Each structure stands twice: as structure tokens, then as C-alpha cells.
1. Kindly check whether there is at least one residue in the stretch 116-139 that is in a loop (DSSP other than H, G, I, E, B), of a type in the set (Ser, Thr, Tyr) and within 17 Å of Met83 (Cα to Cα).
2. Scan the stretch 86-105 and tell me whether some residue there is within 17 Å of Ala145 (Cα to Cα) and at pLDDT 95 or above.
3. Can you tell me how many residues in the stretch 27-42 are of a type in the set (Phe, Trp, Tyr) and crowded, with 22+ Cβ neighbours inside 10 Å?
4. Consider the stretch 141-176. How many of its residues are surrounded by fewer than 21 Cβ atoms within 10 Å (Cβ to Cβ), assigned to a strand (DSSP E or B) and either of a type outside the set (A, V, I, L, M) or touching a helix residue (DSSP H, G or I) at 6+ places or on another chain (Cβ under 8 Å) (or both)?
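The values are calculated or read from the model by the stated rules, or taken from the named source; none is laboratory data. Fair warning: this is a prediction, and the values are worked out from it, not measured in the lab. Every residue, glycine as well, gets a Cβ built from its backbone with ideal geometry; the counts of neighbours run over all protein chains shown.
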Amino acid sequence: MTSSPVQAAVIGAGAWGTALAQQLAVSGQTVKIWAYEPEVAAAINEQHENTVFLPGAVLHQDLSASNDLAQVLAGAQLVILVMPSHVYRAVLAGAAEHLPAEAVMVSGSKGIEADTGYTMCEVAQDVLAKTFHRRLAALSGPSFAKEVAAGAPTAVTVASREPAAAQLAQRAFAGPLFRVYTSPDLVGVELGGAV
């Protein structure tokens, strides 16, 4: 757990994005989650449950959701990118103008872009200004959304070519039952998750 809360934005409210947002909130971070579907954002805010993608998981009361990218990204120090790989490029392009200049970005999406063969971090490098490239990281591991949301013991790896970026994500996510290892092997972690 970090000494002071990190403001985190989770872009993507599928099962995995919701589980990662839940873990950040449980670890004491301030978390906003972006949902494409307005009804998903409403359910998270009003019922503390993602009734569409992660039914049955009771979400942290301080976790808030919106389908307004600019609102979710405002002031974020840590941005978790968890959009489906087939819309990753388009959503990230829409988010780019709202990204805080010093934010660390962690890709939690698994997959390879069909048209280019790029990993998700390579897509991010293709879409984003070069100033963001050194703060890109990828999170992957043998983990399942329902288990993470339920607080089951989990281990993941956060990889980045910039150690400080991986360490920020590690501190933000870490909890008694959620262990985060760091690695400089960005490509290996992304390919391992995709395979």
C-alpha cells in the first residue's frame, strides 16, 4: 500500500477492469472507472455492482464510475488501460487528449492487434505522444476477475522499461492477498498474457 493514495483511472469496465478497479480501491487508492455503457456506470455507482460484466461481486463503496473519459482521467496519476484489444486503439485515441502529462499508464488488456501484430503497449506507443512512452507498463498474471474481485490470493507481474513506473503500479495495487512483482521484460509479460 502506498503511503498516500494515488488517484487512479481505470479505462474499461469489463470483468477484468472492474476487478482491477476493485483491487485499487481495496488497497486505498482513489479510483474512477470508465464504462462505455452508461448502464454499467450507473449500476456501479448506485448498486456497487457491475451487474453486466461482474455480477455478484460487491464493489468498494468509494469506487465511482462514469462514461465520460475526460471526467475519469482528470488528475489521474495512474491510468489502467483495460479495454478489449479490438477497440484498444480507438478508445486510447479518444482518451489521448485527456491524459494527464505525468500519468503512468498500465495496460491490463491481453491480446495482439489483428491488423498490425502489435502488443497493446506497442499500440499505445503508436497512438500516444513520445513523452508517454517511458511511462508505459503492462500487467499480467495467472489471475481471474471473479477471484480478484472476491479477494482470493493472486500474484501478477507489472513490467515496464522504466522501473519507477512499474514500482508505482506495484505500490498502488499491492495488498495482503494481491502480490505484484515487477519486471523490465515488457514484451515478455505482454506476450505471455496474450498467449
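1. Looking for residues that are in a loop (DSSP other than H, G, I, E, B), of a type in the set (Ser, Thr, Tyr) and within 17 Å of Met83 (Cα to Cα), one finds at least one in the stretch 116-139, hence yes.
2. The answer is no, given that none of the residues of the stretch 86-105 is within 17 Å of Ala145 (Cα to Cα) and at pLDDT 95 or above.
3. Qualifying residue count, the stretch 27-42: 1.
4. Number of matching residues: 2.
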